[in-house]
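Visitor: If you scroll down you'll find the structure; I have some questions about it.
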Amino acid sequence: MRLGLHSIFLSLFIVASSLCAQAEMVVSHKTAGLEYPENTYEGFLASLTMPVDAIEIDLHVTKDKQLVLHHDPVLSSYNCFGKTSQQRVVIAQTPVSDLLALKCFNHKVDAAYRLSKFSDVLDAYAESDQSKLLLVEVKVWDELIENNPLHKDLDTEAMHYPHKQVARLVYEQLRLYDLKNNIVFNTFSRELLLELKALQQPDEKFEYGLLYKGEYSPWKLGLIAFFSPLECYDACWAPDYSEVKKWLETNDIEYFIPNFAQLNNILFRWGYKRHIKGKSLAFKVIPWTLNDQSAWKKYRDYHFDGIITDVPSLYLESMDGR
């Protein structure tokens with residue numbers, strides 16, 4: 001009898017473990033941005049063939065109101081031109097034809113690339129089985145862009161268009177493909193997220209996610225950043241997990257996408273554990289961005305709903321080898 005009960009409990013445990021593993025969402029971040037040039041058609045096609053659950057892309061609006069894939073609002077030696085180049089091209093101030101003509105180089109993966117249009121990605125997605133979620137990060141002016149040292153001496157407010165206009169442009173493009181679900185809009189901008197949510201039609205079953213790093217607080221955290229290997233731009237952000245939890249619940253946002261490094265920071269991890277970790281939540285938690293074994297090991301302690309990584313193939317291989 002005892003042996004029989006033991007076998008039953010063991011079987012239930014195995015089934016439960018299997019279901020938990022299946023429930024994890026693996027997101028190919030920036031079209032597998034450390035396996036291929038990030039935010040490219042090439043990376044998107046490759047991600048479609050991977051056993052991932054979702055593919056994340058970043059969108060910017062061009063001068064002639066077209067949508068292109070790119071993470072940064074400015075093309076520079078950091079993400080496009082030679083390492084000694086002084087050239088800078090602001091996407092929002094450049095026609096799409098000029099952007100598509102550029103021959104860029106991704107220094108992270110040592111590969112040439114060209115910018116891709118959102119419509120090209122949607123063409124490929126529409127022709128797929130559409131089983132993967134498409135996470136669309138819509139880029140607008142925010143504190144991260146304003147305080148980025150790479151944008152020094154540039155008019156940062158001229159890098160983006162009004163939130164409502166951007167939201168309408170994104171929807172206009174999407175609706176050409178009659179996509180009704182499996183789209184998750186995400187952004188750091190709460191205002192834009194609510195604009196996108198307000199424009200959704202009754203037959204559209206889109207979801208929404210808030211990317212989160214907190215408030216830029218150099219006066220509070222500058223001294224700590226002085227002793228950190230990171231620049232203040234990277235380290236001087238103060239999350240308020242109590243406040244953001246209330247905002248997410250009040251506005252019925254389905255995904256919370258926090259910065260993973262902050263969750264492991266001694267200054268902030270207690271706040272996360274107090275307000276979010278292990279709680280019964282109305283939203284899913286998927287942190288960004290986890291790219292190595294050390295991060296993946298820590299990730300397991302949090303019981304997240306998914307993982308965002310630039311190296312999805314390596315992550316999945318590591319999971320197979322567990």
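The values are calculated or read from the model by the stated rules, or taken from the named source; none is laboratory data. It should be emphasised that the depicted structure is a prediction, and the values quoted were computed from it without experimental measurement. Virtual Cβ from ideal backbone geometry, glycine too; neighbours counted across all protein chains shown.
Visitor: For region 98-137: of the residues being among the charged types (D, E, K, R) and without any contact (Cβ under 8 Å) to a residue 60 or more places away in the chain, which is nearest to C232 (Cα to Cα)? Give the steps one after another, and end with the answer.
Guide: Taking region 98-137 as the starting set, the residues that turn out to be among the charged types (D, E, K, R) are 98, 103, 108, 110, 114, 117, 120, 123, 127, 129, 132, 137.
Within this subset, residues satisfying the condition of being without any contact (Cβ under 8 Å) to a residue 60 or more places away in the chain are 98, 103, 110, 117, 123, 127, 129.
Values: D98: 34, K103: 32, D110: 28, K117: 33, D123: 40, E127: 44, D129: 43 Å.
Looking at the filtered set, the residue picked out is D110.
Visitor: Separate question: Would a scan of region 71-88 turn up a residue that is surrounded by 20 or more Cβ atoms within 10 Å (Cβ to Cβ), part of a strand (DSSP E or B) and out of contact with any Asp or Glu (no Cβ under 7 Å at 6 or more places or on another chain)?
Guide: There is at least one residue in region 71-88 that is surrounded by 20 or more Cβ atoms within 10 Å (Cβ to Cβ), part of a strand (DSSP E or B) and out of contact with any Asp or Glu (no Cβ under 7 Å at 6 or more places or on another chain).
Visitor: Let me ask you something else. Considering only region 26-67, how many residues are touching a residue at least 12 places away in the same chain (Cβ under 8 Å) and under 19 Å from L133 (Cα atoms)?
Guide: Filtering region 26-67 for residues touching a residue at least 12 places away in the same chain (Cβ under 8 Å) gives 26-48, 50-67.
Remaining after also requiring under 19 Å from L133 (Cα atoms): 26-33, 38-48, 50-59.
Adding up the residues that qualify gives 29.
Visitor: Tell me which residues, restricted to region 28-75, are β-branched (V, I, T) and either over 16 Å from F105 (Cα atoms) or in contact with a Gly (Cβ under 8 Å, 6 or more places away or on another chain) (or both).
Guide: So in region 28-75, the residues β-branched (V, I, T) come out as 31, 40, 49, 52, 55, 57, 61-62, 68, 74.
The answer is T31, T49, V52, I55, I57, V61, T62, V68.
Visitor: Kindly establish whether E127 is over 17 Å from Y208 (Cα atoms), modelled with pLDDT under 95 and not aromatic (F, W, Y).
Guide: Values: over 17 Å from Y208 (Cα atoms): yes; modelled with pLDDT under 95: no; not aromatic (F, W, Y): yes.
When the stated conditions are applied, E127 does not pass them.
Visitor: Something else about it: Which residue is surrounded by the most Cβ atoms within 10 Å (Cβ to Cβ), if the candidates are limited to region 183-215 and must be acidic (D, E), touching a residue at least 24 places away in the same chain (Cβ under 8 Å) and under 20 Å from L133 (Cα atoms)? Give the steps one after another, and end with the answer.
Guide: Here is the first cut: in region 183-215, the residues acidic (D, E) are 191, 195, 203-204, 207, 215.
Now drop any that are not touching a residue at least 24 places away in the same chain (Cβ under 8 Å), which leaves 191, 195, 204, 207, 215.
Then drop every residue that is not under 20 Å from L133 (Cα atoms), which leaves 204, 207.
On the way: E204: 14, E207: 20.
Taking the candidates together, the pick is E207.
Visitor: Separate question: (1) of a type outside the set (S, T, N, Q); (2) more than 29 Å from K83 (Cβ to Cβ); (3) in contact with a helix residue (DSSP H, G or I) (Cβ under 8 Å, 6 or more places away or on another chain): which one isn't true of E172, the others all being true?
Guide: (3)
Quick grid of which residues meet (1) buried (at least 18 other Cβ atoms within 10 Å of the Cβ); (2) in a loop (DSSP other than H, G, I, E, B); (3) in contact with a Ser or Thr (Cβ under 9 Å, 6 or more places away or on another chain); (4) touching a residue at least 24 places away in the same chain (Cβ under 8 Å):
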{"residue": "V244", "(1), (2), (3), (4)": "yes, no, no, yes"}
{"residue": "L248", "(1), (2), (3), (4)": "yes, no, no, yes"}
{"residue": "I253", "(1), (2), (3), (4)": "yes, yes, no, yes"}
{"residue": "I266", "(1), (2), (3), (4)": "no, yes, no, no"}
{"residue": "K273", "(1), (2), (3), (4)": "no, no, no, no"}
{"residue": "S280", "(1), (2), (3), (4)": "no, yes, no, no"}
{"residue": "D301", "(1), (2), (3), (4)": "no, yes, no, no"}
{"residue": "I308", "(1), (2), (3), (4)": "yes, no, yes, yes"}
{"residue": "Y315", "(1), (2), (3), (4)": "yes, no, yes, yes"}
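Visitor: Only one of these conditions is not met by V140: (1) in contact (Cβ under 8 Å) with a residue 60 or more places away in the chain; (2) farther than 18 Å from L45 by Cβ; (3) under 21 Å from the mean Cα position of the chain (by Cα). Which number is it?
Guide: So the condition that V140 fails would be (1).
Visitor: Residue by residue through region 147-182, note down the ones that are farther than 16 Å from F118 by Cβ, of a type in the set (D, E, K, R) and touching a residue at least 24 places away in the same chain (Cβ under 8 Å).
Guide: Listed by number, the residues that qualify are K164, K180.
Visitor: From the list A92, A46, A23, pick out the single residue that is over 21 Å from F185 (Cα atoms) and either at pLDDT below 95 or touching a Ser or Thr at 6+ places or on another chain (Cβ under 8 Å) (or both).
Guide: Numbers: A92 fails: over 21 Å from F185 (Cα atoms); A23 fails: over 21 Å from F185 (Cα atoms).
Answer to the selection: A46.
Visitor: Looking at the structure I just gave you, is G209 at pLDDT below 95 and not in a loop (DSSP other than H, G, I, E, B)?
Guide: Values: at pLDDT below 95: no; not in a loop (DSSP other than H, G, I, E, B): yes.
So G209 does not fit the description; no.
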